[in-house]
Amino acid sequence: MANPDAPFGFRPFKHGSGGTDGRTTEYTLSTAYNTSLFYGDLVKTDGSGNINIAGAGDQVVGVFAGVNYIAADGSVTYKKNWVASTAEQSGTIIRALVWDDPQQLFLAQSDGSMTAADIGRFCDVDTSQTGSTLTGYSKQQTSTTASTETTFKIVDVIGARHMLPCRNAAGNQDIYATGTNALVVVRAVKHENASIATTEV
C-alpha cells in the first residue's frame, strides 16, 4: 500500500514516562501577532514572554493547541488556529495553549521514508506546507532522518509495532505502513523546558 501524503502537524500520542498525557500550559501571543499558527504547529518562546512559530533547527517549547481572545468587536473567540495580524480588543491578552511537557510524545507524518531501522535516530520539522484555514490544522511534518542531534528523536515508527487505520490514495480503508510518508512517534530533544542531554530515550 501507499501511505496517504496528508501531514497533520504534531499530535499528542502518549506520555513518555507514563504521566498524564496531553497537558497544556497557557502562553500568550504578542499584540496582533503577525504570523498564522495552526493546531499542531511547533512553537518557541520569543524572549519577551510570548510564543512564536518555530522552524527547523529551533529549540522548541512545545506544540500549539489553540487560542482564545477577545476580538476587537468584543466577541469572545476560541479557535484551533490563529489568523495572522488579528486585532484583539485593546487592553486584553491573546491566550495560547501549548503542549509543553518535555516528556510528551507526538505523532506526526514523515516527509521521507521511515522504517523500524530509524528508531533512535533524529529528525527535524518540515514547514514547507501551510496549515489549513478551513480546518485550522497544521500541515507540518518531520523531515528525513539524521545521525546528529536535531529537534526530535524518533521513538517509534507506525507499522513497525503499531497499527493505525487510514484511507489510501484510492479512498479505501487501509493501514499505515513503514516507508514513504510513514507515521512516526517523536520526542523533542531540543526543548526549552528540559536539558537536551536528559530527554533522550
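Can you find a residue in segment 176-198 that is assigned to a loop (DSSP other than H, G, I, E, B), modelled with pLDDT under 80, of a type in the set (S, T, N, Q) and over 22 Å from G62 (Cβ atoms)? I'd like the intermediate steps shown before the answer.
Step one: list which residues in segment 176-198 are assigned to a loop (DSSP other than H, G, I, E, B), which gives 176-178, 181-182, 189-190, 192-195.
Those still in the list that are modelled with pLDDT under 80 too: 195.
Restricting the remaining residues to those that are of a type in the set (S, T, N, Q) gives 195.
Now restrict to residues that are over 22 Å from G62 (Cβ atoms): none.
No: segment 176-198 contains no residue that is assigned to a loop (DSSP other than H, G, I, E, B), modelled with pLDDT under 80, of a type in the set (S, T, N, Q) and over 22 Å from G62 (Cβ atoms).
Among D58, D41, which is acidic (D, E), touching a Ser or Thr at 6+ places or on another chain (Cβ under 6 Å) and not assigned by TED's automatic domain parsing to the domain that holds K190?
Working: D58 fails: touching a Ser or Thr at 6+ places or on another chain (Cβ under 6 Å).
Exactly one of D58, D41 is acidic (D, E), touching a Ser or Thr at 6+ places or on another chain (Cβ under 6 Å) and not assigned by TED's automatic domain parsing to the domain that holds K190, namely D41.
Would you mention how many residues in segment 62-102 are over 22 Å from F8 (Cα atoms) and under 21 Å from the mean Cα position of the chain (by Cα)? Please lay out each step first, then the result.
Taking segment 62-102 as the starting set, the residues that turn out to be over 22 Å from F8 (Cα atoms) are 69-77, 85-95.
Narrowing the set further to residues that are under 21 Å from the mean Cα position of the chain (by Cα) leaves 94-95.
Total meeting the criteria: 2.
Could you please give the count of residues in segment 113-165 that are surrounded by fewer than 19 Cβ atoms within 10 Å (Cβ to Cβ), under 18 Å from G55 (Cβ atoms) and either within 14 Å of the chain's Cα centre (by Cα) or not charged (D, E, K, R) (or both)?
7
Considering every residue within segment 21-31, establish whether at least one is outside any loop (DSSP other than H, G, I, E, B) and among the polar types (S, T, N, Q). It would help to see each step written out before you state the result.
Here is the first cut: in segment 21-31, the ones outside any loop (DSSP other than H, G, I, E, B) are 25-29.
After this cut, where a residue has to be among the polar types (S, T, N, Q) as well, the list is 25, 28.
Within segment 21-31, one or more residues are outside any loop (DSSP other than H, G, I, E, B) and among the polar types (S, T, N, Q).
All but one of (1) at pLDDT 95 or above; (2) out of contact with any Cys (no Cβ under 8 Å at 6 or more places or on another chain) hold for G159; state the number of the condition that does not hold.
(1)
Within segment 88-97, does at least one residue satisfy the condition of being small (G, A, S) and outside any strand (DSSP E or B)? Even if it seems obvious, please write down each step before you answer.
First pass over segment 88-97, keeping only residues small (G, A, S): 90-91, 96.
Checking the rest, the ones that are also outside any strand (DSSP E or B) come to 90-91.
The answer is yes; a qualifying residue exists.
Out of everything in segment 57-87 that is under 24 Å from A146 (Cβ atoms) and in a loop (DSSP other than H, G, I, E, B), what residue ends up being modelled with the highest pLDDT?
In this case the residue turns out to be V61.
Conditions (1) free of Cβ contacts under 8 Å to residues at least 40 places away in the same chain; (2) surrounded by fewer than 20 Cβ atoms within 10 Å (Cβ to Cβ); (3) in contact with a strand residue (DSSP E or B) (Cβ under 9 Å, 6 or more places away or on another chain), marked per residue:
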| position | (1), (2), (3) |
| --- | --- |
| A2 | no, yes, yes |
| S17 | no, yes, no |
| R23 | no, yes, yes |
| E26 | no, yes, yes |
| Y39 | no, no, yes |
| V67 | yes, no, yes |
| F106 | no, no, yes |
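When you scan segment 99-126, how many residues do you find that are under 13 Å from Q141 (Cβ atoms) and either assigned to a strand (DSSP E or B) or among the basic types (K, R) (or both)?
Adding up the residues that qualify gives 11.
The values are calculated or read from the model by the stated rules, or taken from the named source; none is laboratory data. Note that the coordinates shown come from a computational prediction; the quantities given were computed from them, not determined experimentally. In this analysis, Cβ positions are derived from the backbone assuming ideal geometry, glycine residues included, and neighbour counts consider all displayed protein chains.
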